[in-house]
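Data first, discussion second: the structure below is written as structure tokens.
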């Protein structure tokens, strides 16, 4: 190989700015609309399990811990998650979704079990009013006057 062929290219790149950034010391902003990892707003969740049902990667697990106390556990397996945001789209809570995608993208680990996110929360179901006692059947006015006159 002739060095004369590489010399002009070498001199041209010696004075150019690098094409890459000094990652991880300099971070670039995450683009708008980036789908990171899913997370749960437990105070909004109604435990309908739509996210678990619609997840194509089966990365969401919702189990009942204590049915009497309305305590549930949600586990998101980030080692399975394909970051499709189907769980967010399936969530029926409005105006704010209980499931949301964050901008976290640095989720490396040495063990796949370290990548699980687990929440345990209590869902207080809204109290329904007690049913009213059935009213006595109304008597027709004619019968009421006959009984009163007798």
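The values are calculated or read from the model by the stated rules, or taken from the named source; none is laboratory data. Note that the structure is a prediction, hence the values are computed from the model and not measured. Positions of Cβ are backbone-derived with ideal geometry, glycine not excepted, and every protein chain shown enters the neighbour counts.
In segment 19-35, the count of residues that are loosely packed, with under 15 Cβ neighbours inside 10 Å, modelled with pLDDT of 85 or more, assigned to a loop (DSSP other than H, G, I, E, B) and touching a helix residue (DSSP H, G or I) at 6+ places or on another chain (Cβ under 7 Å) is zero. Of the residues making up segment 73-89, those that are outside any loop (DSSP other than H, G, I, E, B) and surrounded by fewer than 18 Cβ atoms within 10 Å (Cβ to Cβ) are 73, 75, 88, 89. For beta carbons closer than 8 Å, sequence separation of 6+ or different chains, a first residue in segment 25-52 that is without any contact (Cβ under 8 Å) to a residue 60 or more places away in the chain and a second that is in a loop (DSSP other than H, G, I, E, B) and surrounded by fewer than 16 Cβ atoms within 10 Å (Cβ to Cβ), the qualifying pairs are 28/21; 41/96; 44/93; 44/96; 48/92; 50/92.
Note on segment 54-72: among residues that are out of contact with any strand residue (DSSP E or B) (no Cβ under 7 Å at 6 or more places or on another chain) and exposed (fewer than 12 other Cβ atoms within 10 Å of the Cβ), the one that is nearest to residue 88 (Cα to Cα) is 56.
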